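S.K.: Input: one structure, supplied below.
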Amino acid sequence: MIGVREQQRAEDPPTGTGPLRFLGPVPGGLPDEPEPGTIGTGQVLRLITRQLFAYPVTTDPAARPVPDAALELPTVDNGGISPDGRTWRIGLRRGVHWDAQRARELAGGDVVRGLKRTAHPLARSMRPYFGALIEGLADYYRRYDEEFGHWEAHAPALAQFSHLTRIPGLRAEGDTVVLRLTEPADDLLDLLATGYAAAAPREYDYYVPDSPELYRCNPACGPYRIAKQLTPGGDFVLEPNPRWDPATDPIRRRTASRIDVVASAGGEPVHDATAFGVLSWDLPAPAARFGGTGCSYYLSALPGGSAQAPAARHALSWAVDRAALAAAARTAGADGAAAQHGVLQPGDPGAERFEDAAPDAGDPERAGRLLADAGLGPGTRLTVAVPVGSRPAAVATALAGVLARYGIAVVVVSPGVPGADLTLHEWAPRWAGNANRDLLHRIWPSDGGAGDPASVAADALRALDPGTATALWRRFDRLATADLRLVPLIVAAWPRARADALAAGAARW
C-alpha cells in the first residue's frame, strides 16, 4: 500500500507562523505536570483527526461541545434524539476528507470503526463509560478480550472481528451515525467530544493498532498529517494536510508551517505546548480563565483509622483552611484554585451553594471543640495516603501545615500502605464538561445501599430535561456532602490537566 507521504506534496499554509517544536507525549499518559513544552497525545490527535463533536479552542471554561464532523447538535426538536432519549441520529458534515491515496470523504462507517477501537487496551480507561451507554458495546469489549486477550493478534484477525461482530446500538446509515443507548445520557455529547471517539479510516484495519506499520501509513483528516516515518516513542513531524479544508472545520486552525515532536529537546529550545490547540492556536497563548472547575481534592476515611467516625470527618471539614490549600496550589503552578465545599466542583452547573458551610479559612474555635470531641485533639497523629505526583504533594504539604495548628501531626504515605487513616483523592476529570459520571466511577465510594446518594446522580445522568438534571445534581450534591464519605477541600485548574481533559485521547491511531 502507498503511504500517505506519496500522495500529494504539502504546501505551507498561508497563515503559517513558521515551525513549532514540542516534546513528545509521555508514554502511559501524563499523570503529573510535565515540562511546559510537552504536547499531550490528545493534542496530537486533535491536529490529525476529527470526531463528531469537539470543544472549541477558547479561554472560556464554561464552553460546551460544538459540531465537528457532525452537521449539527442533535436534539429532540430537530429529530436527532428520539423522545425517549435513547436513539441518536447524527448527520455528518460534507467535505471532510481523509488524506488517502485519493481524497475520500469521511463516512459514517469511519465513526463506527473509531468507536469500536475503544476496545483496544490503550483506550481501556474509557470502556466503563462508552460500554455502559451504547447498547451491545460492553459485550463487544468482552468478546474482544476473549478473542485477543491471550495472543498477539494480527491485523486481518482484528479487522475480521470488527467487521463481523455487530453492535446493536452502533451503526452507520450512509452519512448518518445511529446510536442506540441503554438509557438516556445527558453527558453523551461530552463523551463523543473526546479523542477516544475520533473517526478511524479504513486503512486502520490494515495494521495492528499502535504498530510501526500503522504509524508509517496514517491518513489524516485534520489540518496536519504525519510527514516523517514514525515509530512508537520516537520523533515525528507534522506537516500541513493538503486535503484539509478550513471551511469544513469549525474547531481547528493551521498556524504553523510544520510541527516537530521530539523525544528529547537535545539542548534546543521547545515551545510551550500546554495551551496549544486548547486555549489558542497561536503562541504565546492568552492566560487561562478560572471558572471553578479543574482537579478536585477530597479526604476520605479508611476502615479502622482514626477518622473512620463521621464526627471526625465533620470536625476535619471545619478545621481545614481551604484558602491556604488553594494558595498553595496556585504557588505550585495552578492557573486558579478555590475552596470547594460540596462534592461537585463549584463551577459545575449542578453544584449546590452551601450557605452553612465552614468559612474558606476554617473555624478554629469550633473546629477545636469538634476535633476534641472526635478524639483528634493535640498530639494526634494522622497517616494520610497521598497519590504520587507534585500536584497532590503540594496539597498534602499545605494540609499538614493547617492541621499542625491544632497539634495534629500528619504522616504522608503511599496509597496501599497498611494502617493509613485517610486518603487524599485527586480527581482529574477524564474529559471536559459534564464529567460527573467519571467522579462517580472513580472517586465516589458507593456502597450500593438504599441511602447512597449515587442513586440520585444516576437519575440526573438519565434526565432528558436540563432543568430536571440540574435540580437532581443539586440534590445529589447536598446529600453527598452531608454524607461525609468525601470531605471536599479545593478545586485547582492545573495547566496540563486542563489540556488533557479538553483534548482527551489515546494513541490508538
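Residues are listed down the side, and each one gets a yes or a no for (1) part of a strand (DSSP E or B); (2) surrounded by 14 or more Cβ atoms within 10 Å (Cβ to Cβ):
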residue	(1), (2)
Y144	no, yes
Q160	no, no
R171	yes, yes
V177	yes, yes
R180	yes, yes
E183	no, no
D190	no, yes
V208	no, yes
E213	no, no
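S.K.: Same structure, new question: Taking G342, is it out of contact with any helix residue (DSSP H, G or I) (no Cβ under 9 Å at 6 or more places or on another chain), assigned by TED's automatic domain parsing to the domain that holds R474 and modelled with pLDDT of 95 or more?
M.R.: No.
S.K.: Hey, D356 hits all of (1) in contact (Cβ under 8 Å) with a residue 40 or more places away in the chain; (2) not in a helix (DSSP H, G or I) but one; which does it fall short on?
M.R.: Result: D356 fails condition (1) only.
S.K.: Inspect the stretch 70-84 for any residue being surrounded by fewer than 21 Cβ atoms within 10 Å (Cβ to Cβ), in the same structural domain as Y224 (by TED's automatic domain parsing) and under 21 Å from Y224 (Cα atoms) and give the result as yes or no.
M.R.: no
S.K.: While we're on this one: Of all residues in the stretch 87-104 being of a type in the set (D, E, K, R), surrounded by fewer than 18 Cβ atoms within 10 Å (Cβ to Cβ) and in a loop (DSSP other than H, G, I, E, B), which is farthest from the chain's Cα centre (by Cα)?
M.R.: R102
Here's the yes/no breakdown for (1) closer than 19 Å to G40 by Cα; (2) part of a loop (DSSP other than H, G, I, E, B):
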| residue | (1), (2) |
| --- | --- |
| G222 | yes, yes |
| R225 | yes, no |
| K228 | yes, yes |
| V237 | yes, no |
| R243 | no, yes |
| R252 | yes, yes |
| V261 | yes, no |
| A273 | yes, yes |
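S.K.: Quick one: which residue in A315, A326 is within 20 Å of R498 (Cβ to Cβ) and modelled with pLDDT of 95 or more?
M.R.: That would be A326, the only listed residue that is within 20 Å of R498 (Cβ to Cβ) and modelled with pLDDT of 95 or more.
S.K.: Something else about it: Among residues belonging to the stretch 270-314 that are without any contact (Cβ under 8 Å) to a residue 60 or more places away in the chain and within 30 Å of Y55 (Cα to Cα), point out the one that is farthest from the chain's Cα centre (by Cα).
M.R.: Only one residue fits best here, namely P284.
S.K.: If you don't mind, another one. Hey, which of the helices (runs of 4 or more DSSP H) in the stretch 392-509, taking only ones fully inside, have at least 1 residues that are closer than 29 Å to G333 by Cβ and out of contact with any strand residue (DSSP E or B) (no Cβ under 8 Å at 6 or more places or on another chain)?
M.R.: 436-442, 466-483, 495-502
S.K.: Listed residues G95, G40, G24; which is out of contact with any strand residue (DSSP E or B) (no Cβ under 9 Å at 6 or more places or on another chain) and of a type outside the set (S, T, Y)?
M.R.: Going through G95, G40, G24 in turn, the sole match is G40.
S.K.: What number of residues in the stretch 46-65 are touching a Cys at 6+ places or on another chain (Cβ under 8 Å) and either more than 25 Å from A200 (Cβ to Cβ) or not in a loop (DSSP other than H, G, I, E, B) (or both)?
M.R.: Number of matching residues: 1.
S.K.: Does A172 fit the bill of being in the same structural domain as T49 (by TED's automatic domain parsing), in contact (Cβ under 8 Å) with a residue 40 or more places away in the chain and either under 18 Å from E72 (Cα atoms) or of a type in the set (D, E) (or both)?
M.R.: Criteria met by A172.
S.K.: Restricting attention to the stretch 259-269, does a residue exist that is surrounded by fewer than 23 Cβ atoms within 10 Å (Cβ to Cβ) and among the acidic types (D, E)?
M.R.: Among the residues of the stretch 259-269, at least one is surrounded by fewer than 23 Cβ atoms within 10 Å (Cβ to Cβ) and among the acidic types (D, E), which makes the answer yes.
S.K.: Out of A372, A398, A361, report the one residue that is in contact with a helix residue (DSSP H, G or I) (Cβ under 7 Å, 6 or more places away or on another chain), among the aliphatic types (A, V, I, L, M) and surrounded by fewer than 16 Cβ atoms within 10 Å (Cβ to Cβ).
M.R.: Within the list A372, A398, A361, the selection yields A361.
S.K.: How many residues, within the stretch 289-321, are part of a loop (DSSP other than H, G, I, E, B) and buried (at least 23 other Cβ atoms within 10 Å of the Cβ)?
M.R.: The number of residues fulfilling the criteria is 5.
S.K.: While we're on this one: Tell me, yes or no, whether the stretch 260-269 has at least one residue that is free of Cβ contacts under 8 Å to residues at least 40 places away in the same chain and either assigned by TED's automatic domain parsing to the domain that holds P83 or among the aromatic types (F, W, Y) (or both).
M.R.: Yes: the stretch 260-269 contains one or more residues that are free of Cβ contacts under 8 Å to residues at least 40 places away in the same chain and either assigned by TED's automatic domain parsing to the domain that holds P83 or among the aromatic types (F, W, Y) (or both).
S.K.: When you go through R166, R180, R171 one by one, which is the residue that is under 17 Å from A138 (Cα atoms) and within 24 Å of the chain's Cα centre (by Cα)?
M.R.: R180
S.K.: I'd like the full set of residues that are more than 30 Å from V76 (Cα to Cα) and touching a Phe, Trp or Tyr at 6+ places or on another chain (Cβ under 6 Å), limited to the stretch 446-486.
M.R.: L486
S.K.: For the stretch 193-214, check the following and say yes or no: at least one residue is charged (D, E, K, R) and in contact with a strand residue (DSSP E or B) (Cβ under 6 Å, 6 or more places away or on another chain).
M.R.: No.
S.K.: With respect to L133, is the statement that it is buried (at least 16 other Cβ atoms within 10 Å of the Cβ) and assigned by TED's automatic domain parsing to the domain that holds Q43 true?
M.R.: Yes.
S.K.: So which residues in the stretch 276-288 are part of a loop (DSSP other than H, G, I, E, B) and either under 21 Å from P240 (Cβ atoms) or among the β-branched types (V, I, T) (or both), if there are any at all?
M.R.: G277, V278, W281, D282, L283, A285
The values are calculated or read from the model by the stated rules, or taken from the named source; none is laboratory data. Note that the structure is predicted; figures quoted are calculated from it, not measured. Cβ sites come from the backbone with ideal geometry, for glycine too, and all protein chains shown count toward neighbours.
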